[in-house]
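Reviewing the structure listed below.
What follows draws every value from the coordinates through simple rules; no lab data is involved. On a predicted model such as this, the values are computed, not experimentally measured, just so you know. All Cβ positions, even for glycine, are placed from backbone atoms using ideal geometry, and neighbour counts span all protein chains on display.
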Amino acid sequence: MPQSTEHSNLADSLREFHTETGRSLLDLVDESPVLLIFLRHFACAFCAQALDRVSQVRTQIEAKGVRPVFVHLGSPERAKPYFDYYHLSDVERISNPEATLYQLPFFALSRTNPYLHFFNPTVWKGWLKGAMFKYGIGIIKEDADQMPGVFFLKDRKIVRAFRHRTIADEPDYLKLVGTG
């Protein structure tokens with residue numbers, strides 16, 4: 001049975017992106033289902049919160065045979081201390097400072113004006129619930145306009161997707177992989 005054009009285009013696109021260890025994203029997806037987690041910039045409290053939450057549920061994700069893979073906007077050197085701190089140093093990750101993977105039509109992660117978040121009640125609630133106090137904020141070195149998202153990839157398809165509407169949105173990682 002021939003593959004659909006969209007299916008093969010996704011596979012072609014995934015082949016083009018490689019993790020910091022040199023593995024193609026397509027190879028990873030062909031080996032096992034992947035939870036592809038796109039992060040914002042490393043100065044963002046919600047980015048740190050995402051790393052922490054994935055670290056907390058990683059065992060449950062992997063028990064389902066799913067491999068978490070992160071995409072970030074920083075250099076590998078910039079990313080390393082964050083992944084080390086959250087005990088994710090051995091997780092595959094893709095450095096994508098140009099955000100080309102974020103912008104592929106399959107993922108289509110939006111861009112926003114970071115200053116608008118200061119006026120968004122959802123973001124304020126997230127900060128007041130403790131994100132800023134627990135995770136802090138830092139100096140922005142990556143693209144603060146790029147929004148994050150999470151995608152469950154299996155059999156070269158996007159099975160489930162979570163595209164953030166605000167920076168404070170909290171994806172249910174276990175639900176995305178079918179355990180929640």
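Some notes on this structure:
- Cα-based shape type of segment 38-99, given that a ≥ b ≥ c are square roots of the gyration tensor eigenvalues and the cut on a/c is 1.5: prolate
- R0 of 22 Å, Cβ-Cβ distance GLU98-LYS175: FRET efficiency to nearest 0.05: 0.10
- Relative to the current alpha-carbon distance between SER32 and ALA11, full extension at 0.36 nm per residue lengthens the span by 6.1 nm.
- Qualifying aspartates and glutamates (Cα of each under 15 Å from Cα of LYS157; at least 8 residues distant if same chain): GLU6, ASP12, ASP27, ASP30, GLU31
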